[in-house]
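The values are calculated or read from the model by the stated rules, or taken from the named source; none is laboratory data. Being a predicted model, the structure only gives us computed values, none of them experimental. Here the Cβ positions follow ideal geometry from the backbone for every residue, glycine too, while neighbour counts run over all protein chains shown. Note: accessible area is taken over every heavy atom of the protein model, side chains too, but ligands, DNA and RNA are not part of it. Shrake-Rupley method; radii C 1.70, N 1.55, O 1.52, S 1.80 Å.
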Amino acid sequence: MNVYTFLHVYYAVFSLLFGIVLGSFLNVVIYRLPAGRTISKGRSNCMTCGHTLAAKDLVPLFSWLFLRGKCRYCGAPIASRYAKIESLTGVVFFLTSITTLDAIVCVVNREMIYFLYLIYAVLFMIVMCTVIPAMMIWHDTTKGFVQLAGISLALSAIACVIAQVISASSDYVMAIVRFLIVIAAFPLLTWIGSKLFKTAYTKNDLFMDLTFAGATTFEHLLCPKSFSFWVFLFPVVYCIVRSALKGKKNDKFAGIIYFVIMIAAITISYIYRLATV
Ligand SMILES: [Zn+2]
């Protein structure tokens, strides 16, 4: 195995495992953020028997698989949802790594450009750690969180600067305008949608829109030089689907619909670039 193959495999496997571990942390965020509880302190307990869970019960995904979805102490079933969130985060990190394999050659090549590309990919993985809780918290409570929106926007602003450096473009004004257009487009389009379909638009909607808008600015992750304006179709599609569901029980799936459409948009964009570059 040559050094590049080794690095590629290492990067992909590490990303998958790291995603699963972070997914476990996201479960805590999803559970505690809406309850206003601290996410840094406190041990986890079994929801049924209250037994404090030991380290061996808390290995993300693998404990759940090994215990066949049951509590070690009382045998009560543990919801598969935690394992699903961990798997989803792992898969998102893994897919990001295999679509940015070149980034890891910075370890050998020591070229700044690859290093920046790696940071860009990692920032995308981290921004997904705001999108996944935003989606699930919406599902549970139909609330959006300013904290998640704030982190997402901050990360996307940093990524925007990095993309500019990678593409060696000196057109900073255009970059800022482009960035602001994407960020503004999401709340604006869904707000227009809410007016057209005569539904409410609350600050919860705004926070969720901004969380997803931040993540979408990474859409040119795989080819920072270009920018496809059709990405605006994404909030439009979301807006139509969501507004059609609004007011019904299905509204709690809005975050999940948002997520699925975003992943589809990024995937189509990726395949399109593979086909045209
Ligand atoms: Zn138990």
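Being more than 11 Å from the ligand (Cβ to nearest atom), assigned to a loop (DSSP other than H, G, I, E, B) and polar (S, T, N, Q) is the filter here, so list the residues in region 45-86 that pass it.
Our first condition is that a residue be more than 11 Å from the ligand (Cβ to nearest atom); within region 45-86, this holds for 54-56, 58-66, 68-69, 79-86.
Now narrow it down to the ones that are assigned to a loop (DSSP other than H, G, I, E, B): 54, 58-61, 68-69, 79-80.
Residue satisfying the conditions is Ser80 alone.
Which of the following residues is of a type in the set (A, V, I, L, M, F, W, C) and without any contact (Cβ under 8 Å) to a residue 12 or more places away in the chain: Leu95, Leu116? First the steps, then the outcome.
Working: Leu116 fails: without any contact (Cβ under 8 Å) to a residue 12 or more places away in the chain.
Going through Leu95, Leu116 in turn, just one is of a type in the set (A, V, I, L, M, F, W, C) and without any contact (Cβ under 8 Å) to a residue 12 or more places away in the chain: Leu95.
Right, Thr211: modelled with pLDDT of 85 or more, of a type in the set (Ser, Thr, Tyr), open to solvent by less than 20 Å² (accessible area, probe 1.4 Å) and out of contact with any Lys or Arg (no Cβ under 8 Å at 6 or more places or on another chain) or not? Please lay out each step first, then the result.
On the way: modelled with pLDDT of 85 or more: yes; of a type in the set (Ser, Thr, Tyr): yes; open to solvent by less than 20 Å² (accessible area, probe 1.4 Å): yes; out of contact with any Lys or Arg (no Cβ under 8 Å at 6 or more places or on another chain): yes.
Yes: the conditions hold for Thr211.
With respect to Thr130, determine if the residue is of a type in the set (Val, Ile, Thr) and buried (at least 21 other Cβ atoms within 10 Å of the Cβ).
On the way: of a type in the set (Val, Ile, Thr): yes; buried (at least 21 other Cβ atoms within 10 Å of the Cβ): yes.
Taking the combined requirement at face value, the residue satisfies it.
Looking at the structure I just gave you, is Lys246 out of contact with any Pro (no Cβ under 9 Å at 6 or more places or on another chain), under 25 Å from Thr142 (Cβ atoms) and modelled with pLDDT under 85?
Details: out of contact with any Pro (no Cβ under 9 Å at 6 or more places or on another chain): yes; under 25 Å from Thr142 (Cβ atoms): yes; modelled with pLDDT under 85: yes.
So Lys246 passes the test.
Among the helices (runs of 4 or more DSSP H) contained in region 116-226, which hold 2 or more residues that are among the charged types (D, E, K, R)? It would help to see each step written out before you state the result.
On the way: elements: 146-166, 172-196, 203-216.
Of the helices (runs of 4 or more DSSP H) lying wholly inside region 116-226, those with at least 2 residues that are among the charged types (D, E, K, R) span 172-196, 203-216.
Can you go through Val231, Val277 and tell me which one is modelled with pLDDT under 75, of a type outside the set (Phe, Trp, Tyr) and surrounded by fewer than 14 Cβ atoms within 10 Å (Cβ to Cβ)? Working first, answer last.
Numbers: Val231 fails: surrounded by fewer than 14 Cβ atoms within 10 Å (Cβ to Cβ).
When all the criteria are applied, what remains is Val277.
Does any residue of region 32-42 turn out to be in contact (Cβ under 8 Å) with a residue 40 or more places away in the chain and open to solvent by less than 70 Å² (accessible area, probe 1.4 Å)? Before the answer, list the steps.
Taking region 32-42 and keeping what is in contact (Cβ under 8 Å) with a residue 40 or more places away in the chain, we get 33-34.
Imposing the further condition that a residue be open to solvent by less than 70 Å² (accessible area, probe 1.4 Å) reduces the set to 33-34.
The answer is yes; a qualifying residue exists.
For (1) modelled with pLDDT of 85 or more; (2) surrounded by 14 or more Cβ atoms within 10 Å (Cβ to Cβ); (3) not hydroxyl-bearing (Ser, Thr, Tyr), each residue gets a yes or a no:
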| site | (1), (2), (3) |
| --- | --- |
| Lys143 | yes, yes, yes |
| Gly150 | yes, yes, yes |
| Ile162 | yes, yes, yes |
| Ser169 | no, no, no |
| Tyr172 | no, no, no |
| Ala184 | yes, no, yes |
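List every residue pair whose Cβ atoms lie under 7 Å apart, where the two residues are 6 or more positions apart in sequence or sit on different chains, the first residue falls within region 73-86 and is open to solvent by 30 Å² or more (accessible area, probe 1.4 Å), and the second residue, located anywhere, is not in a loop (DSSP other than H, G, I, E, B) and not hydrophobic (A, V, I, L, M, F, W, C).
Pro77/Lys70; Ile78/Lys70; Tyr82/Asn27
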